[in-house]
Amino acid sequence: MDQKQIEEIVRSVMASMGQDVPQPVAPSTQEGAKPQCAAPTVTESCALDLGSAEAKAWIGVENPHRADVLTELRRSTAARVCTGRAGPRPRTQALLRFLADHSRSKDTVLKEVPEEWVKAQGLLEVRSEISDKNLYLTRPDMGRRLSPEAIDALKSQCVMNPDVQVVVSDGLSTDAITANYEEILPPLLAGLKQAGLNVGTPFFVRYGRVKIEDQIGEILGAKVVILLVGERPGLGQSESLSCYAVYSPRVATTVEADRTCISNIHQGGGAASRSRRRDCGFGQTDAGAESVRHQHDPLRRHHACIRFDSTFSDCHARDCLRE
């Protein structure tokens, strides 16, 4: 809403109240008088698609001293910067974008991965003890355990004692799975097999939490379990995937510090192609590693170093499991 629209609203309100409507002052035409230049305003459009690139690039700061700096700052980040203010309040378009992004995040949490999609990928589907999305959000403990039917299905249909078991789960973001699957899972499986590792049967766990990989590894006797799970969505980013790799998981003894995590896998964050190479590095390293558990005290952990070969981005990562 610009200045002219505000003035029209004020005039209509004052006219309805029977008060004199102030007339706009005409610019001075006297000799020597300097013309008054109207300050530029930033217009807002309610018809703008709030999910479009144009809306994301919108700058709401009025009369900026260095507009080029704001443009560069806005281009460099997905954060909510350069939105301007309307007095102490956010501007209308900034607020609408916030609400739209919040709605998108809620939608991806509540959506279900279609059964048709799972079948189209050729994945075995099992589920946790959860029966519906509402229970999944309110009982995270049940999402950490497989249902009895799932346990029977894994024992009868999956390869036992693999070097690496890859699992896919919807988690808190349905979009993360469907958007990143093709780019990360098939190449990851191919890379693990090319490295000479015995790869288990990949499958999909509906309503799964991270710790469910401990039970999966224990049931199948896997040396390493890699879980690809949808992350809790942020505002405007609902396609972020996480990878949790754990060596020799056990329900009773595995703790969160035993897991190695790659997070923020999506087109605008950690590229899926780069992440799948790192996943493959986890599988190779962990599958040939010895347990880092202390021989005398199972609660103590040594510092474990996971090194990626030069083919995996020439990086060194340390999983510091503090004593």
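The values are calculated or read from the model by the stated rules, or taken from the named source; none is laboratory data. This is a predicted model, so every value here is computed, not measured. Glycine also receives a Cβ, built like all others from the backbone with ideal geometry; neighbour counts cover every protein chain displayed.
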Quick test of your reading of the structure: Val61 fulfils all but one of (1) among the hydrophobic types (A, V, I, L, M, F, W, C); (2) surrounded by 15 or more Cβ atoms within 10 Å (Cβ to Cβ); (3) within 21 Å of Gln237 (Cα to Cα). Name the failing condition by number. (3)
Condition check: at pLDDT 95 or above and under 18 Å from the mean Cα position of the chain (by Cα). Does Ser147 satisfy that? no
By residue number, the members of segment 190-212 that are surrounded by fewer than 19 Cβ atoms within 10 Å (Cβ to Cβ) and outside any loop (DSSP other than H, G, I, E, B) are Ala190, Lys193, Gln194
Just to be sure, is Val126 surrounded by fewer than 18 Cβ atoms within 10 Å (Cβ to Cβ), of a type in the set (A, V, I, L, M, F, W, C) and either touching a residue at least 24 places away in the same chain (Cβ under 8 Å) or not in a helix (DSSP H, G or I) (or both)? no
Looking across segment 65-86 at residues that are without any contact (Cβ under 8 Å) to a residue 12 or more places away in the chain and part of a loop (DSSP other than H, G, I, E, B), the single one that is surrounded by the most Cβ atoms within 10 Å (Cβ to Cβ) is Val81
Outside any strand (DSSP E or B) and either among the aliphatic types (A, V, I, L, M) or at pLDDT 95 or above (or both): is that true of Glu239 in this structure? no
Of all residues in segment 183-227 being among the charged types (D, E, K, R) and under 17 Å from the mean Cα position of the chain (by Cα), which is modelled with the highest pLDDT? Arg209
Candidate set from segment 215-228 (those that are buried (at least 24 other Cβ atoms within 10 Å of the Cβ) and in contact with a helix residue (DSSP H, G or I) (Cβ under 8 Å, 6 or more places away or on another chain)); member that is nearest to Leu172 (Cα to Cα): Leu228
Flagged in segment 101-110 as crowded, with 16+ Cβ neighbours inside 10 Å and out of contact with any Pro (no Cβ under 6 Å at 6 or more places or on another chain), in numbering order, are Asp101, Arg104, Val109
Kindly indicate the residue of segment 129-142 that is of a type in the set (A, V, I, L, M, F, W, C) and assigned to a helix (DSSP H, G or I) and also surrounded by the most Cβ atoms within 10 Å (Cβ to Cβ) among those meeting that condition. Met142
Segment 228-271, residues that are within 22 Å of Met160 (Cβ to Cβ), of a type in the set (A, V, I, L, M, F, W, C) and within 23 Å of the chain's Cα centre (by Cα): Leu228, Ala245, Val246
With respect to Ile216, is the statement that it is of a type in the set (Val, Ile, Thr) and assigned to a helix (DSSP H, G or I) true? yes
Would you point out the residue of segment 155-166, among those that are within 22 Å of Ala120 (Cα to Cα) and buried (at least 24 other Cβ atoms within 10 Å of the Cβ), that is nearest to the chain's Cα centre (by Cα)? Val166
Cβ-Cβ distance below 7 Å, separation of 6 or more or different chains: which pairs start in segment 97-111 with a residue that is at pLDDT 90 or above and end on one that is part of a helix (DSSP H, G or I) and surrounded by 16 or more Cβ atoms within 10 Å (Cβ to Cβ)? Leu110/Lys133; Lys111/Thr174
Quick one: is Val168 in a strand (DSSP E or B) and within 21 Å of Cys261 (Cα to Cα)? yes
Does any residue in segment 208-232 that is free of Cβ contacts under 8 Å to residues at least 12 places away in the same chain come within less than 9 Å, Cβ to Cβ, of a residue that is surrounded by fewer than 21 Cβ atoms within 10 Å (Cβ to Cβ) and among the charged types (D, E, K, R) six or more places away or on a different chain, and which pairs are these? none
